[in-house]
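Undergrad: Below is a structure I'd like to ask you about.
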Amino acid sequence: MGKKPLVAITVSFISGLALGEILSYFPLTLTFFLFFFLLLERRFKQGAQLPLPLFFFAASGLLVHQFVSTPFAAGDLRRYIDQEEIDIVAEIDGPPQHFPQQVLLQMKGIEIRTDAIHPVRGLFRLTIYQPDVPFEYGDRLQMQIRLRSPQQFGTPGAFPYADYREREGWSGVATLSRLDRVRKVGEGGNPLLRPLYRWRERIRQNILASMDQEPAALLLALIIGETGYLTEPIREVFSASGTTHILSISGSHLALVSVLIFGLTRWILLHLPAPVLLRLSLRKIPSQWAALMTAGPVLFYAFLAGGEVATLRSLAMIWVYLFSIWINRSGDLKTSLSLAALLIVAVHPQAIFDLSFQLSFLSVLMITLTFSWWQANFPEEVPKKERSRYHTYLIEPGRLMFLSTLGATLGTAPLTLFYFHQFSWIGLFANLLLIPLAGWLIVPFGLLSSLFSLTAEGFPLAGMHEWIGSIYYRLTAFFARFPGADLHAAAPPLWIVLLFYGAMIWMLARKVSWKWLTPTIAAFFIFFLGVGSFRFSPGRLRITLIDVAQGDATLIEFPRGKTMLIDGGAGGDFNVGRIAVAPYLWERRIRTIDYLIGTHPQMDHIGGFPYIIRKFNIGEAWTNGKRRDLPFYRAFSERLEEKGLQPKTMTAAEPPMEIDGCRIFFLNPAVEDSFGEGDLNNHSIVLRLACPHLGGGGFSLLLTGDIERGGEQRLLKSGIDLKSTVLKVPHHGSISSLDPFFLSAVSPKAALFSVGRRNPYRHPHPDVLAAYDALSSKIYRTDRDGAIVIEADPTEWRAKRYRESRVEKISWRSPLLLQEWENLKKAFTPF
């Protein structure tokens, strides 16, 4: 197994876990390729085989994956997901996460009470819509809730949030709006963590009481990992500058705090009286004692910061490295990293599919390899004893930060492109300044003030922290404002991402010359960004009803490339424009929206537009002319003004317009001629798209916004031709929008419902569904089908459901060949 057996064992075991995931979808294909690989290995190595222990650890990883992926057993909380309301006793399993208007609690199920008591296990997230709650870590609560699976948008490009939470061990989510539905029935938890989390809560209250909102939000995130007060503008600035990771207590935070504590402890030890230092050195050198003394404070800080999964994984990595210093093996970084990874996956095998695990270990691995590559290609020419102070205290730390940032960028950039469609090149420079400022100035002094605040009134030096926080935010905003700092592109294929990491690891490990390495890196990133940004005209009409939960967003791509976005989903803290609509546009390689249409000023229709307007080029903006003095509408108007756009009011008085042979008719009346002020839904823009040259005899689409019976009857009275091939069903399928005469006039072959899963309005209404069934209309629903795509060319039109395009796990009780063939077709057929 070579000179580093632990590295080989870890790689083998993790490879087995990855193969176990592939086996769940493509067992026959995987078996074929493994057999083919073994034949080649024997052929080209003259009968030599891979070491048997590596096969053993790979097979162990595969079996472990199959074991942890088995269907849940009795007592598993997932059995109660999406069922009736349950009476459950659960324990708060972490510190409460606070937001301005709500509190999130991580709960550990204990028992469900019916006629009898049924023990359960599993975690779920409880959201209480109150600004504060009288509960803390370890409290056991009895409540009546309905467990649901986390929201996951069935839209290409959207981050798979539910899958991510499931791999972290979550069983579901629940909400409560009233405290009278929950009561404390006992206490549990770790007795050491209870006082620690009480201190954390007191620090939070002291910071909020002593500082303004923006610097307080920043300090809370940087010091104790309380990110709920971060506003959308703050998150946007850190995202655009490539420094989002600073807002979460993970690898960089803990590493810098560890270095600071280690360096300070070592300095104190070296300045002890000579007899004491000599006695200590007889057993261990000062660096080893410093490593031991650093472990405790770092553990304390990790839990003070909330003990999140990503934080604890970073803590494991740091502890393993401190242990390597203690046993005098600190030079073997690859073995330390392997041991940390092996310990984590041994406890939680699904961690390798977790984004935080991937980002943490790939960044540390690439930093390690970058350092060794640099030392081999650019050896230090000046002996250490002959270096000047300028070289020691400026050049060396600067080079250290540059190589760390470069390695971290190589380790994380392809993954951020793959998951979030984002590449911030400015982060390479921003992190050189912002990480040391956060790790060696804001965090240490913030922690000291936090600890002093536990025994004093208020938050010590609050004014100084406000000033430093404001300067820090301005610096971050300075980097974020660089032209093109925040680039977006379609996600690169997974095989290209894996090829990149394989090539980088091989080239850095082999110490390849910079003359080969630099163009290789450049070629990969040109491919990532070039292929991910270049867009061909679709050549056909393509309409996508984007899954935005309970809201509306429809994208029309015309045959020659023009685009029209009708509505953009909801905004607010759960900004659908950012989470679902923008990622889909990037996945479609769209950078310009030629026509942005807000059908009417309601949150679930235009709330996501401010983010879209910031991130994309906008040709024209159309509205129904109705204005509202509400935050989401003000944000919409302000973003348009920043782009120099004046929204155009579109009504039935506008003449039809033509795009690529398709005519667009506006059917809604002017606002002043319409219904009462409060009748917002019937003010919706209604447009009909007619393409006589498409669909093999003509294709048409009717988009109706949220009109109700009054609006539908007005359309009927106007005598306009409403008959359409496809209808975007009015008002999400509400019973208030059901008019049999309107349905008869439209007679759609396909009816599209934009609805949220288990929405509180119970849309679509059963009577509405029955009415469309009676017309023999094909029904498509975003809550069940995910995004829905309608494509029309000169010969035909067809509809596709996103969820039907996803590969599914193999059932071992059914014929494998047919299932795998379906998965292979889905895998190689773009949606």
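Undergrad: Looking at (1) modelled with pLDDT of 90 or more; (2) in a helix (DSSP H, G or I), which one does PRO233 not meet, given that it meets all the others?
TA: All conditions are met except number (1).
Undergrad: Being open to solvent by less than 10 Å² (accessible area, probe 1.4 Å) and farther than 24 Å from ILE779 by Cβ narrows it down to one of ILE720, ILE664, so name that one.
TA: ILE664
Undergrad: Report every pair of residues separated by at least 6 positions or lying on different chains whose Cβ atoms are under 6 Å apart, first residue within the range 336-352 and at negative phi, second in a helix (DSSP H, G or I) and of a type outside the set (A, V, I, L, M, F, W, C).
TA: These pairs meet every condition: SER336/TYR321; SER336/SER324; SER338/THR10; ALA341/THR10; LEU342/THR10; ILE344/ARG313; GLN350/ARG167.
Undergrad: Report yes if SER736 is small (Gly, Ala, Ser) and over 21 Å from PHE153 (Cα atoms), otherwise no.
TA: In short, yes.
Undergrad: So which residues in the range 246-293 are β-branched (Val, Ile, Thr) and either part of a helix (DSSP H, G or I) or farther than 18 Å from MET317 by Cβ (or both), if there are any at all?
TA: ILE246, VAL257, VAL259, ILE261, THR265, ILE268, VAL276, ILE285
Undergrad: Still on this structure, I have one more. Assess whether LEU218 counts as being surrounded by fewer than 14 Cβ atoms within 10 Å (Cβ to Cβ) and within 21 Å of LEU254 (Cα to Cα).
TA: So LEU218 does not fit the description; no.
Undergrad: Is there a residue being on the phi < 0 side of the Ramachandran plot, free of Cβ contacts under 8 Å to residues at least 40 places away in the same chain and open to solvent by less than 20 Å² (accessible area, probe 1.4 Å) anywhere in the range 93-104?
TA: yes
Undergrad: If only one of SER330, SER388 is polar (S, T, N, Q), within 20 Å of LEU256 (Cα to Cα) and modelled with pLDDT under 90, which one is it?
TA: None of the others qualify; the one that does is SER330.
Undergrad: Restricted to the range 164-196, and to residues that are of a type in the set (A, V, I, L, M, F, W, C), modelled with pLDDT of 90 or more and in a strand (DSSP E or B), which residue is farthest from the chain's Cα centre (by Cα)?
TA: VAL185
Undergrad: Only residues that are more than 23 Å from the chain's Cα centre (by Cα), touching a residue at least 60 places away in the same chain (Cβ under 8 Å) and open to solvent by less than 20 Å² (accessible area, probe 1.4 Å): list them for the range 295-307, please.
TA: TYR301, LEU304 - these are the residues of the range 295-307 that are more than 23 Å from the chain's Cα centre (by Cα), touching a residue at least 60 places away in the same chain (Cβ under 8 Å) and open to solvent by less than 20 Å² (accessible area, probe 1.4 Å).
Undergrad: If I ask for residues that are under 18 Å from GLY407 (Cβ atoms), in a helix (DSSP H, G or I) and either hydroxyl-bearing (Ser, Thr, Tyr) or open to solvent by 30 Å² or more (accessible area, probe 1.4 Å) (or both), which ones from the range 496-515 would you list?
TA: Selection gives TYR501, GLY502, ILE505, TRP506, ALA509, TRP514.
Undergrad: Out of all the residues in the range 250-283, which are β-branched (Val, Ile, Thr) and either more than 19 Å from THR294 (Cα to Cα) or within 16 Å of the chain's Cα centre (by Cα) (or both)?
TA: VAL276, the sole residue that qualifies.
Undergrad: Scan the range 749-757 and give yes if some residue there is farther than 21 Å from ASN682 by Cα and at pLDDT 95 or above, otherwise no.
TA: Yes, there is a match, as at least one residue in the range 749-757 is farther than 21 Å from ASN682 by Cα and at pLDDT 95 or above.
Undergrad: Separate question: Which condition number in (1) open to solvent by less than 40 Å² (accessible area, probe 1.4 Å); (2) more than 30 Å from ARG803 (Cα to Cα) is the one that GLY157 fails?
TA: (2)
Undergrad: To continue, here is another question. Specify the residue that is farthest from ALA351 (Cα to Cα); the eligible residues are those in the range 308-329 that are in contact (Cβ under 8 Å) with a residue 24 or more places away in the chain and among the polar types (S, T, N, Q).
TA: ASN328
Undergrad: Continuing with the same structure: Is it the case, given these coordinates, that PRO195 is surrounded by fewer than 19 Cβ atoms within 10 Å (Cβ to Cβ), free of Cβ contacts under 8 Å to residues at least 40 places away in the same chain and closer than 18 Å to SER453 by Cα?
TA: Judged against the criteria, PRO195 is a match.
Undergrad: If only one of ASP132, ASP139 is in contact with an Asp or Glu (Cβ under 9 Å, 6 or more places away or on another chain) and of a type in the set (Asp, Glu), which one is it?
TA: Going through ASP132, ASP139 in turn, just one is in contact with an Asp or Glu (Cβ under 9 Å, 6 or more places away or on another chain) and of a type in the set (Asp, Glu): ASP139.
Undergrad: Check LEU432, LEU447 and return the single one that is over 23 Å from ARG591 (Cβ atoms) and open to solvent by 40 Å² or more (accessible area, probe 1.4 Å).
TA: LEU432
Undergrad: Would you point out which residue out of ARG757, ARG762, ARG784 is in contact (Cβ under 8 Å) with a residue 40 or more places away in the chain, of a type in the set (Lys, Arg) and closer than 19 Å to ASP547 by Cβ?
TA: So the residue among ARG757, ARG762, ARG784 that is in contact (Cβ under 8 Å) with a residue 40 or more places away in the chain, of a type in the set (Lys, Arg) and closer than 19 Å to ASP547 by Cβ is ARG757.
The values are calculated or read from the model by the stated rules, or taken from the named source; none is laboratory data. Just so we're clear, the structure is a prediction, and the values are computed from it rather than from any experiment. A quick note on method: Cβ atoms are made from the backbone with ideal geometry, for glycine too, and the neighbour counts reach across all protein chains shown. The accessibility values were calculated without ligands, DNA or RNA, using every heavy atom of the protein model including side chains. Shrake-Rupley method; radii C 1.70, N 1.55, O 1.52, S 1.80 Å.
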